[in-house]
1. Post the alpha-carbon centroid distance, region 173-221 to region 1-76, in whole angstrom.
2. Quick one: which of 119-132, 326-339 comes out on top by average Cβ neighbours within 10 Å, and what's the full order, highest first?
3. Excluding same-chain residues fewer than 8 positions from Lys422, which aspartates and glutamates have a Cα within less than 19 Å of its Cα?
4. About the Cα centre of the chain, how large is the charge dipole given +1 on each Lys and Arg Cβ and -1 on each Asp and Glu Cβ? Please answer in debye to the nearest 20.
5. Using a 7 Å offset from Cα along Cα-Cβ at Ile370, what residues in region 396-437 end up with backbone N under 18 Å from the label point?
6. As an exercise, take the mean of 1/r over every pair of distinct alpha carbons in region 375-457, invert it, and state the Kirkwood radius in angstroms.
7. Listed highest first by mean packing, meaning other Cβ atoms within 10 Å per residue, what order do 387-394, 52-59 come in?
8. Using only helices, what value at 222 nm comes out for the chain when you add -39,500 (n - 2.57) per DSSP H run of length 4 or more and divide by the total residues, to the nearest 500 deg cm²/dmol?
Amino acid sequence: MSDKLIFPAGFVWGAATAAYQIEGAWDADGKGESIWDRFAHTPGKIAGGATGDVACDHYHRWAEDVASMAALGLGSYRFSLAWPRIFPEGDARLNQRGLDFYRRLIEALNERGIAPAVTLYHWDLPQALQDRGGWLNRDTALRFAEYAACMFRQFGGEVRFWATHNEPFVQAFYGHGTGENAPGHRNPWEILTVGHHLLLSHGLAVEAFRAVLPRPATSGAPAPQIGIVLFVWPHHAASRSQRDQAANRIADGGMNRLFLAPLFAGGYPEDLLRHFRWRGMRPAVRPGDLALIGAPLDFLGLNTYTRLVNQANPFDLLSGARQLPARGPTTAMGWEIYPNCIIEALRKAREYTSLPLYITENGAAFNDVIGPDGAIDDQNRIAYLRQHLAVAHQAIAEGIDLRGYYVWTLLDNFEWAKGFGKRFGLIHTDFVTQQRRWKRSAYWYRDVIARNGLVEE
Ligand code: FCB
């Protein structure tokens, strides 16, 4: 690696979080129940019986957290809005106190020159909508569009980047296929319907965005932008055999092409439709849906952490593939450390779109050790981030229009079904005292941001 990798001027340096993972205050100030509240309160769903009831208590400690972001020098902070905090029943009744929380947060970020990057939905559907079928019910897409339109009217001009969804793949496959995530359904037949309704809700929200915030005719202050955040993990076949190659194509299809193609190429890939139809699964597409889903965006966000290696497995009725265990060193998630995931995910996106791209999540969980002096010398996380940023730099040199990078995550938080055991943060959270402590990687990232790149000492 060269000793100096400087990024283009204006490159966005960020960190990301999600509402349920950090906010806590699960029933404070009129917030409604979400499917993650219900799921985490169900015994046996989350490692160690953990819940996000308190999490990082960010709802009450947001000012301290924003001060940390400013000290890091973040150019942008990506976070999500908890829909049931704002609309406790999912529709109709607006909860002013929930809205006020986000207004304070957005104002504080802007005052400090940290561009808010807001995700409207990071998996915490209002339980009241789940009771009416959730994402299986087409009506939920309409409710989402109303919620989105309201947010655009409330905060439109103050938020630089809007993303409709975070990883519809995960919501559809883990929420409804494996049941690892809320609402915990284990019913593969739901996956394509849920996926389609998520995409439809995205399209409807984009339509609302353009109506509320038409693109300015002249360029002045940066105009608010709309996009979506996808889970794009590269897939490799375990061997050159035709069976492994075919299985890999379908596995890659289910995770990546199933969402990229309707968003950017006019419809669902034929080979996937054939594959799933044979299993009795089909998306509930109505006339006009695909045009809505394909509406032009301003940017695309990619979350990528590793690669997956697939081997043919006729016993897996859903994908026909089995993921081989990681070959090399892994993070505490058991995910292979594979820095090229960055460039492979970006190239995959570029097959579909020439939009500006952002890495909206990348980072690593490790078993951090607090030293006797209280320091957390997480060299493994620094090495991970450095290697992945070096590849991001290479992608830009290759001509890929990568505009920014967000570390997952600002501070250790509730890692979904894994509970609090998996620490991805730049900042350590003591979940008993709520004390925050910068890890060595936070100081390191602060210097990367200040130098706009990697400068080895
Ligand atoms: C992503 C999620 C994020 C976090 C990381 C580790 O899939 O978007 O909330 O859990 O994984």
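Readers should treat all values here as calculations from the given coordinates under stated rules, not as data from a laboratory. Since the structure is predicted, the reported quantities are computational estimates derived from the model, not experimental observations. All Cβ positions, even for glycine, are placed from backbone atoms using ideal geometry, and neighbour counts span all protein chains on display.
1. Centre-to-centre distance over Cα atoms comes out at 20 Å.
2. In decreasing order of mean packing, 119-132, 326-339 become 119-132, 326-339.
3. Glu23, Asp53, Asp57, Glu180, Glu336, Glu361, Asp368, Asp377, Asp378, Asp412, Asp430
4. 900 debye
5. Hits in region 396-437 for Ile370 at 18 Å: 411-414, 420-437.
6. 14.0 Å
7. Top of the packing list down: 52-59, 387-394.
8. Result for the chain: -11000 deg cm²/dmol, rounded to the nearest 500.
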